[in-house]
Amino acid sequence: MGLTLAEKIIQNHIVAKDSFQKGKPIERGTDIAIRIDQTLTQDATGTMSYLQFETIGIPRVKTEVSVSYIDHNTLQTDFRNMDDHRYLQSIAQKYGIWFSRPGNGICHQVHLEHFGKPGKTLLGSDSHTPTGGGIGMIAIGAGGLDVAVAMGGGAFHLAMPKVFGVKLTGSLNKGVSAKDIILEVLRRETVKGGVGAVYEYFGDGVKNLTVPQRATITNMGAELGATCSVFPSDETTKAFLEAMGRGNDWTEQKADSDAVYDKIIEIDLSKLTAMAACPHSPDAVQPISAVAGKKVDQVVIGSCTNSSLDDLTAVAAIVKGKHIAPNVEAGIAPGSRTTLMMAEKAGVLGDLIAAGFRILESACGPCIGMGFAPNSEGVTLRTFNRNFKGRSGTADASVFLVSPETAAAAAITGVITDPSTFSFTKASDSMLAGKSPDLSKSDIKLFGQDEGMLLKPLSEEESKKIEIIRGPNIKPCPPTPEFAPELELPVLLKAGDNVSTDDIMPAGAKVLPLRSNIPEISKFAFERLDPTFYERASALNPKGCFVVGGENYGQGSSREHAALAPMYLGVRAVIVKSFARIHKANLINYGIIPITFVNPSDYDKIKQGNTIKITNIKEALEKGVNFKITANGSVIEGSNTLDERSAKILLAGGLAAYTRMGGQ
């Protein structure tokens, strides 16, 4: 029995090697610890991550590469965001970290261009870190505290995931793109179908996809709830790295010919059509034909999902010589400064500007509600990865997730249009298939290697001279509560299914500048679900409270603030039908007990406002038995699926306390 590519890379990075036999599959669900080669942070999560890293007390990061990116909080309406940037730059200089300056681009796009290496592991404090799987990495999103531990040389702990194979055959037709492939997977698997799994792509169809196209697919694997997604590293990967001036970083990475997958999904690329994820979930997928003709108010092309040179070229092929419709506002955010400069060199940028597109900063921007919000009740087509209600910055907008080709066609026609029905010149047809412009290698290398906005780590001697710069908005991470053997507290909030971390802790221009100030940002906790939550929780503190939820609680972003703020407000346990992976880990890291109903129907027995009691917390964590919950005279069983290390972290009062006690 051969190994999948995911198994091979994971086995090569396992720290405790006595738990498996080399070359043999690892039992699914086995607790494993892997060595992390690279880390990335971004400024919305990075400030808190580095505040935590400082407490570890080591003089320099211990990874092969660590990079601090500025790409989220680039809208500087007052001092707070730039103060964070100055803090992050001084931290990078102090601890041997690369620093990507504001304007250099979105972390995942820049990392793919400059640092991604086949066969390596990458841990990032952003849920779309799995983008790196497009170049053959095991790239995983995690909370900032987990990333801080990895930078300090600690292993990353997880349960050995299942490996789902996605077999691609054939090639894409005109007007169909990589975005449509991942939308098809989401249509079949749903936003919780990948929890506890890696999606591994293989088959003859893989060779027909460029690295940026593969990265689009692995990026949106996060929306499946997956641990990560991965493509093989092949000659296409090699050509991409050579174009970036990094040919020496290439190694072949592939599964064994007799690899066994936990299940296989087969997709014939030649049979795919253009698709859209309809409001308000990435898995609400329909063919474009089902929504064609709907009036469009806004089109935005960009985000870490679809902002590569391939994407901009495909858009330019459609809009060249045309102009956006009078009723449409259209913008493009190139994924990186490198991409922007190459697009200018190729003439692509000029075509986009001539067509009427507004050129936005190379940053996350509209994807996280940081500018370019749609009109009230507006219909906006976005090439992004998430369309949760309100995420765009406009509460009543309808957000459709589409490919760059579909977005471009709608920008020109003013309505949702199937790009395969659009009229193109013969030259444009070839470009529509996703082929990059014909730049010479020397030109590509010239721009790919431009690191004027990417600052190298200082030497150890230079680092000793650096003073950390702290603005007045940067506050220490609040301590976690001490462990309690039993809890009797009110249910302050009862939520439904698919609660996202955007629902728990919103992003956007109003909230993001507070990411380094937990007392202030906590005022917005659960605001979208219950605007009174902060006031009611504050009245109860320090006594505390519980939160109850439905399926897939905590889906979406890796933002640990969705655990930090509730912890600060006194949430001591969250009881739900099921959790999203990263959020569950973040709750544990901050001492909040994650509990799932053994019988999901017991969810109906608990009402908001009820006082409930968890009687056997210490016994459950020490012996692995289920939790006993008393609610309205009934005894409800809460499933204890915690591994031994997670239980010890909760007993210690959170990961920071556990680490200080010598825990690994």
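So, R0 is 45 Å and r is the distance between the beta-carbons of H323 and K207; what FRET efficiency does that work out to, to 0.05?
Working: r = 37 Å, r/R0 = 0.82.
So, using R0 = 45 Å, E works out to roughly 0.75.
Each residue of the stretch 68-81 in turn: what ³J(HN,Hα) in whole Hz from Karplus with 6.51, -1.76, 1.60 and θ = phi - 60°, glycine and Pro shown as x?
9, 9, 10, 8, 9, 8, 9, 7, 9, 8, 8, 6, 5, 5
At a Cα cut-off below 29 Å, give the lysines reachable from K464, other chains included and same-chain residues fewer than 8 away excluded.
Within reach: K62, K94, K456, K475.
What ranking do K322, K162 get, fewest neighbouring Cβ atoms within 10 angstrom at the top?
Numbers: K322 16, K162 19.
Going from least to most buried by this count: K322, K162.
Counting only residues 5 or more places away or on other chains, whose amide H sits under 5 Å from the amide H of I14 once H atoms are built in the peptide plane?
The list, which skips near neighbours in sequence, is R35.
Sequence-distant or interchain residues sharing an amide H contact under 5 Å with N610, placed H: which?
V491
Find which of N599, F526, C477 sits farthest along the positive direction of the dipole of the chain, computed with +1 on the beta-carbon of Lys and Arg, -1 on that of Asp and Glu, about the Cα centre.
Toward the positive end, the furthest listed residue is C477.
Which of C545, C107 comes first, and how do the rest follow, when ranked by fewest Cβ neighbours within 10 Å?
C545, C107
Please report, in whole Å³, the volume per residue of the convex hull around the C-alpha atoms of the stretch 134-186.
Normalising the Cα hull of the stretch 134-186 by residue number yields 140 Å³.
Could you state the orientation-averaged shadow area of the convex hull built on the Cα atoms of the stretch 5-271, in nm² to one decimal?
Working: hull surface 58.9 nm².
For the Cα atoms of the stretch 5-271, the hull's average projected area reads 14.7 nm².
Express the relative contact order of the chain as a whole percentage, based on alpha carbon pairs under 8 Å and six or more residues apart in sequence.
14
With each label point set 7 Å from Cα along the Cα-Cβ vector, what nm distance links T30 and T55?
3.3
Please compute, for the alpha-carbon atoms of the chain, the extent along each of the three principal axes and give them in descending order in Å.
In descending order, the Cα extents are 71, 56, 54 Å.
What is the sum of charges, Lys and Arg at +1 and Asp and Glu at -1, for the other residues whose Cβ falls under 9 Å from the Cβ of H280?
Taking every Cβ under 9 Å from that of H280, the sum is +2.
Please give me the summed charge of the neighbours of Q109: other residues whose Cβ is under 14 Å from its Cβ, Lys and Arg +1, Asp and Glu -1.
-4
Rounded to whole Hz and in sequence order, give me ³J(HN,Hα) for the stretch 300-312 from the Karplus expression 6.51 cos²θ - 1.76 cosθ + 1.60, θ = phi - 60°, writing x for Gly and Pro.
With coefficients 6.51, -1.76 and 1.60, one gets 10, 10, x, 6, 5, 8, 9, 9, 7, 4, 4, 5, 5 Hz.
Nearest 5 is fine: what % of DSSP beta bridges in the chain come out antiparallel, could you say?
On the way: 28 of 85 bridges.
Here the antiparallel bridges make up roughly 35 percent for the chain.
Taking the Cβ of E551 as the center, what net charge do the other residues with Cβ under 9 Å away carry, scoring Lys and Arg +1 and Asp and Glu -1?
Surrounding charge for E551 is +1.
Among F202, F115, F546, what is the fewest-to-most ranking by other Cβ atoms within 10 Å?
Values: F202 20, F115 24, F546 29.
Placing the least packed residue first, the sequence is F202, F115, F546.
Given points 7 Å out from each Cα along the Cα-Cβ axis, report the Q286 to K605 separation in nanometres with one decimal.
4.0
Taking every eigenvalue of the Cα gyration tensor of the stretch 70-185, multiplying by 5 and rooting it, what semi-axes result, largest first, whole Å?
31, 21, 13
Determine, for the stretch 536-637, the count of lysine pairs separated by eight or more sequence positions (or lying on different chains) whose alpha-carbon distance falls under 23 Å.
Final tally of qualifying lysine pairs is 23.
Hey, if you drop one equal point scatterer on each alpha-carbon of the stretch 487-659 and run the Debye formula without solvent, what base-10 log of I(q)/I(0) do you get at q = 0.10, 0.20, 0.21 Å⁻¹?
Debye curve over Cα of the stretch 487-659, log10 I(q)/I(0) at q = 0.10, 0.20, 0.21 Å⁻¹: -0.33, -1.45, -1.60.
Using θ = phi - 60° and the Karplus form 6.51 cos²θ - 1.76 cosθ + 1.60, what ³J(HN,Hα) does each residue of the stretch 509-523 get, whole Hz, x for Gly and Pro?
5, 7, 9, 4, x, 9, 4, 9, 9, 4, x, 7, 5, 5, 5
What distance in nm separates the two pseudo spin-label positions at L540 and D78, each 7 Å out from Cα along the beta-carbon direction?
Taking the simple label geometry, L540 and D78 are separated by 3.0 nm.
Measuring from a point 7 Å past the Cα of R188 along Cα-to-C-beta, which residues in the stretch 149-173 have an amide N at less than 18 Å?
162-173
Read the figures in this text as sums done on the coordinates, not as results from a lab. What you are looking at is a predicted structure, and each value in this text was computed from that prediction instead of being measured. Note that each Cβ is placed from the backbone with ideal geometry, even for glycine, and that neighbours are counted across all protein chains shown.
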